[in-house]
Structure formats: structure tokens, C-alpha cells
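The values are calculated or read from the model by the stated rules, or taken from the named source; none is laboratory data. Only a predicted model underlies this, so the values are computations on that prediction, with no experimental measurement involved. In this analysis, Cβ positions are derived from the backbone assuming ideal geometry, glycine residues included, and neighbour counts consider all displayed protein chains.
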Amino acid sequence: MNHTLLEENSRLRDLTTVLQGRHHKMSMEYNELVDKVTSSETKVSEMETTVEDLQWDIEKLRNREQKLNKHLAEAMEQLKSGYSSTGSSGGLPGGQITLNIQKFESLNAELEHNQELANSRMAELEKLQVELQEAVRESEKLKMDLRNIPEEVVKETLEYKCLQSQFSLLYNESLGVKTQLDEARALLLTAKNAHLRQIEHMESDELSLQKKLRTEVIQLEDTLAQVRKEYEMLRIEFEQNLAANEQAGPINREMRHLISSLQNHNLQLKGDVQRYKRKLRETQMEINKVGHSPRIRGCQSGDSLVLILEETTSDGIDVKKEEDEDQEEEEERRKELERQRAREREREREAERERERERERERQRSDELKRKDSDTLKMLRVELKKAQESQKEMKLLLDMYKSAPKEQRDKVQLMAAERKSKAEVDELRMRVRDLEERERKESKKLADEDALRKIRVAEETIEHLQKKLAATKSSPHCGLSRFSAC
């Protein structure tokens, strides 16, 4: 069955090649005959124009002949009138008669010349009319030959043979293109499967990344709640310290005034003590020189009592000074702690602002992803419309194929399949490139976001630890400063 079909197919192909060659040869001969007809028609038109020109010249010559005839008749009348006047009056001068005769002869010569020209033009016109009739007959004959060209003449032409060889080459090329199309379809199916696998992997990776992000967000929310609690506790402590500092402000001022007044008094007392010491040394030197006496002993005992009293007063003043210095150091430490707490609050506020900014960025990213999804949906809708339009075009082509002969169907199917396969291959390549670019961009974005989040979390933890370390350092320093002051 297949063998018979192949033989019939080959026979039909040979017939198509033969018919196409005949058609081409006939079309070539038809074109040649059409060219001949057009050339003969142009010749006929030219001859018609020449005939019209000659007719116009004949009419002009006839008009001129009529004018000359009129002039001749007038001249004859003048001559007759001249002869009659000569007979009546006894004759006119001879010069006038000779002039009239010469004029008459010249007019007769012109008339004969014009008649000869008119006859020659008439002969030319008749000749042209005969040629025109012959050209019309030739054109009609050529038209009849063009309509009834034999097939053998068409087959024997070189153009028919060239077209036959070209058709065979084109058919072989179409078979090669068919094989290439099948290969391209196989590659397309493999690419589609690979693409679907890649999409599945990407979706699984995206789900895992979303889970990780959710867990990280939950952890960050927990840490944020803890930090807020700590911040509230620190704020309450700061408010309490502020209230205590506001209450202790006037007391500290009064104590400073007292300390300054006591310091001044202490300086005065030290000056007096030094002066009394000098006097005591002088008196001791005098006593050593003069000798011992009861009066001197009484004076020495009085001086010793004065010295003891001065020492006791100076000790009391020194103790008060130390207490005042301890109070001042405590106030300075409180101020430093307040400053540190204010700095910590500012840092916490900055961290909250950064977190809010991160949330806004995440919202923007989610909006961008939604926009991308909407863009992809639009693209898919546009592709669906294109597919529907192509389906309509294919339906129209099918209707055309049904109405067309079998050989033209095969050719058109081959050409349409080639175009369709090329378009599909180009579309698939573009889609693969777009998907690769999207994968790269998404992987880069995810890597950058993860790295930024980890860096921020690490920075926040470092700042928190630094704050704790500074607080722990400040507390032992305060204790040491107190011990050193004491």
C-alpha cells in the first residue's frame, strides 16, 4: 500500500513538474506575444497619428488650392477687364499686361506643384493604410497563436527545464527543513520539560526561603518586644532618677555654699595656726635660753591647749570636706549615668527608626512582587490573545487549503510549518532568557536581603552588648571612685 502510494505520489510530482514547466513556457511565450502585440499596437497608433497629420496637410493644401483658384479667377477677370478696356479705350500700356501674364503663369506653376504634393501625400496615406491593415492582421494572428500554444513547445524550452530543476531542489530543501523542524520540536519539548523542572525547583526554594524569613521575622519581633520592655524599664528608672535629682538640687546647692564657706574658714584657721606655731617656736627658743619658770609652763600649757583645739577644729572641717566631695562625686556619677541612658535611648530610637525603614522596604518589595505578578498576568493575557488570533489565521488557512489543490497544500503546509517552528523557537529562546535573568535577579536580591538583615541584626546585637558592657563598666568604676574618695 505504501509502495503504491509512493509511486502515485512520485507520478503526481512528475505531472506537477511537467505542468508547471508547461505553464511557465506558455507564460513566457504569452509574455513575448503580448510584447509583440503592444509593439504592433504602438506602431498602429503611430501610423494613425501620421495619417492624421497627412490628412491635416491635405486639408491645408486643399485650402491653399482653393485660395489659389480664387486668386486665379480674380486674375482672369482682371485680364478680361484689362482686354475689354484696351478694346474700348484704344489699349493700355504693354508693361501692365506682361506683369499680369507672369503672375498668372507663377500661380499656375504653384497650383501644379501643390497638386503634385497632394497626390504624393494621398499615395503615402494609401500605403500607410495598407500597412496598418497588415499590422492589425498580424496582431490578431499573434493573439490567436498565443491562445493556442502547443505543449511540446513549452516542454522544449530552457526556462521550463530550469524551473523543473529548481522545483526539485526546492522540494529536497523542504524535506530537509521538515527534518530540522522535527528536531526543533524535540528540542522544544526537552527545553519545556527542563523549564518546568526549573520552575518547580524555584518554587520549592522560594517556599523554603519564605519559611526562613517568617521564622526570622518572628524571632526579630520577639527580640523587639524584649527590647521594648527593657526600654520601658530604663525609661521608668530615668524618670525616677530625674525626680530624685530635681528634689536633691536645692539641698546640693546649700551644701556647696556651706562647703565653700567652711573651706574659706579652714584656710583662715590654717593661717592662724601657722602664725601661732611661729610664735610658739620663738617662745620655746626664749625659754630654752632663759630657763624654766612657772609662768612659762603655764603659757606652754595654754599654748598646747590652743593647739589641741585648733587640731580638733581642723579635723572636723576635713571630715566635712570629704563628705561634700563624696556628694559631688555621686552627683557627677548620676549625671554621667543620665547621659549614658539618654544616649542609649537615642540609639534605641535610631534602631526603631531603622526597623521601621526595613519594614517599609519589605512592604515596597512585596508591592514590587505584586506588580511583577500583575505584569506577568498581562503578558500571559497578551500571549493568549496572540494565540487566539493565530488560531483564527490557521482556521482561515485551513479553509484556503481545502479549496486549493493538493500540491499547493503541501507547499503551503511546509512553508507555514517552517514559519511556525521558527517563531516558536524564537519565543522559547526569549522566554528562557527572560527566566534566566529573573532567576539571577531574584537570587541576587534574596542573597543581598539575607546578608543585609543578618548584618543589621549583628549590628543591633553588638550595640546592645556594647551598651550592657558600658553599663557594667560604669558601675564598678563608680564603686572604685567612691572607695578612692573615701
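Summary of computed values
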read-out: Unmet requirement for E65, which otherwise passes all of (1) surrounded by 11 or more Cβ atoms within 10 Å (Cβ to Cβ); (2) more than 30 Å from A118 (Cβ to Cβ); value: (2)
read-out: Qualifying residues in the range 141-167 (those that are surrounded by 14 or more Cβ atoms within 10 Å (Cβ to Cβ) and outside any helix (DSSP H, G or I)) - the one nearest to the chain's Cα centre (by Cα); value: T157
read-out: Test: residue in the range 80-93 that is modelled with pLDDT of 75 or more and either of a type in the set (S, T, Y) or closer than 20 Å to L61 by Cβ (or both); value: yes
read-out: Selection status of I199, assigned to a helix (DSSP H, G or I), within 30 Å of E350 (Cβ to Cβ) and not acidic (D, E); value: no
read-out: Where E216 falls short, out of the listed (1) surrounded by 14 or more Cβ atoms within 10 Å (Cβ to Cβ); (2) at pLDDT below 75; value: (2)
read-out: Exclusive hit being over 26 Å from the mean Cα position of the chain (by Cα), modelled with pLDDT of 70 or more and part of a helix (DSSP H, G or I), set K441, K422, K473, K467; value: K467
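Yes/no matrix, rows are residues, columns are (1) closer than 30 Å to L68 by Cβ; (2) surrounded by 13 or more Cβ atoms within 10 Å (Cβ to Cβ); (3) among the aliphatic types (A, V, I, L, M):
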| residue | (1), (2), (3) |
| --- | --- |
| L111 | yes, yes, yes |
| A123 | yes, no, yes |
| K127 | yes, no, no |
| S139 | no, yes, no |
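Residue-by-condition table, conditions (1) at pLDDT 75 or above; (2) touching a helix residue (DSSP H, G or I) at 6+ places or on another chain (Cβ under 9 Å); (3) of a type in the set (K, R):
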position: M233; (1), (2), (3): yes, no, no
position: I236; (1), (2), (3): yes, no, no
position: Q240; (1), (2), (3): yes, no, no
position: Q247; (1), (2), (3): no, no, no
position: M255; (1), (2), (3): no, yes, no
position: N264; (1), (2), (3): yes, no, no
position: Q268; (1), (2), (3): yes, no, no
position: D272; (1), (2), (3): yes, yes, no
